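Below you'll find the structure, written out as C-alpha cells, and then a few comments.
The values are calculated or read from the model by the stated rules, or taken from the named source; none is laboratory data. Since the structure is predicted, the reported quantities are computational estimates derived from the model, not experimental observations. Using ideal geometry, Cβ is built from the backbone for each residue, glycine included, and neighbour counts are taken over all protein chains shown. Areas reflect the complete protein model, heavy atoms only, side chains present, ligands, DNA and RNA absent. Shrake-Rupley method; radii C 1.70, N 1.55, O 1.52, S 1.80 Å.
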Amino acid sequence: MRPLIIANWKMNPSNSKEAVDLANAVAKGVEGLEADVVLCPPFVYIPQILNTKYQIQVGAQDCFWEDQGPYTGEVSPSMLKSLGCTYVILGHSERRQLGETSIMVNKKIKAALLAGLIPVVCIGEEFEEEMKIIFHGIKNLKLEIKNLVLVYEPVWAISTNPGAKAVTPKDVKESVAFMRSIAKNTTILYGGSVDSKNVTEFLGEDTAQGALVGGASLDPKEFIALVKNAALV
Ligand code: PGA
C-alpha cells in the first residue's frame with residue numbers, strides 16, 4: 001500500500017524562512033519513499049514552498065466557494081490551483097469551532113472539485129449525519145467522488161485539545177469501514193495525535209490509507225520518520 005500522508009501545519013511556523021526550511025528538510029527526507037506526501041502550509045507560504053529546490057506536493061488548509069469577487073479575506077480554489085496546489089483541507093474541526101457549517105463545507109467541496117483540486121474533507125464523530133450534508137448534490141454535479149479524500153478525525157483526538165489521545169486502531173478500522181460503506185472508492189485517512197511511533201497501527205488495506213498529521217508535521221525529523229514508517233506498511 002502506498003499511504004497518503006498530509007501535513008497540516010495549521011498557523012505555523014511563524015515566518016517564511018522557517019516555513020521554507022521545514023519544507024526543504026521534509027521534501028529532501030521523504031524523496032523516493034513509497035508514500036505520497038502533501039504539505040499544507042498557511043496560504044502566505046504556498047508560493048515559496050512550491051518554488052523550493054525539492055519537489056513536494058502542496059495543498060491549502062481552506063478555500064472559499066466562489067471563484068472571484070467581493071469576498072474580503074477569502075481565497076478561491078482556482079487561485080490555489082493556478083499556483084500549483086493539488087489538495088485542499090476542508091471542514092477541519094478547528095474551522096468548524098469558529099463557525100464553519102457542513103453546508104459551507106459542502107459548497108467548498110463542490111468548488112474545489114470543479115477547480116480540479118482534491119478536497120481533504122475532515123469528518124468527526126457524527127459521520128453519518130455530517131457525510132449526508134457534506135456530500136449533498138455532489139453526485140448531481142457528476143463530480144468524481146474518487147477524487148476526494150476523507151479524514152476520520154474526532155475533535156478529542158487532536159493533539160492540542162485538552163486530554164487528547166489517539167483513537168484506538170480498532171475504532172479507526174471500524175469507523176473507516178463505516179465511512180467506506182457510504183463513500184465507496186474514496187481514500188480515507190485517519191487524523192488525531194498521529195506520530196512516528198503509532199502511525200503504522202492505523203494504516204492498512206482494510207483500515208486507513210494514510211494520515212492527516214498536525215503537531216508531528218512541524219518537526220522535520222519526526223515527520224520524516226513518520227513517513228518512513230508509514231511507507232513500510
Ligand atoms: P494533530 O492534529 O496531529 O496535532 O493531532 C491533526 C489535525 O488537527 O489535523
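Remarks
- Filtered residues of region 148-169 (kept if within 15 Å of the ligand (Cβ to nearest atom), part of a helix (DSSP H, G or I) and in contact with an Asp or Glu (Cβ under 9 Å, 6 or more places away or on another chain)): VAL155, TRP156
- Scoring PHE64 on the criteria (1) in a helix (DSSP H, G or I); (2) in contact (Cβ under 8 Å) with a residue 24 or more places away in the chain leaves a single failure, condition (1).
- Residue, farthest from the chain's Cα centre (by Cα), within region 9-29, restricted to residues that are open to solvent by less than 10 Å² (accessible area, probe 1.4 Å) and within 16 Å of the ligand (Cβ to nearest atom): VAL26
- Region 30-51, subset within 16 Å of the ligand (Cβ to nearest atom) and part of a strand (DSSP E or B), residue surrounded by the fewest Cβ atoms within 10 Å (Cβ to Cβ): VAL38
- Test: residue in region 76-83 that is touching a Pro at 6+ places or on another chain (Cβ under 7 Å) and surrounded by 20 or more Cβ atoms within 10 Å (Cβ to Cβ): no
Yes/no matrix, rows are residues, columns are (1) of a type in the set (Lys, Arg); (2) over 17 Å from the mean Cα position of the chain (by Cα); (3) assigned to a loop (DSSP other than H, G, I, E, B); (4) within 13 Å of the ligand (Cβ to nearest atom):
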position: ASP171; (1), (2), (3), (4): no, yes, no, no
position: LYS184; (1), (2), (3), (4): yes, yes, yes, no
position: SER193; (1), (2), (3), (4): no, no, yes, yes
position: GLU201; (1), (2), (3), (4): no, yes, no, no
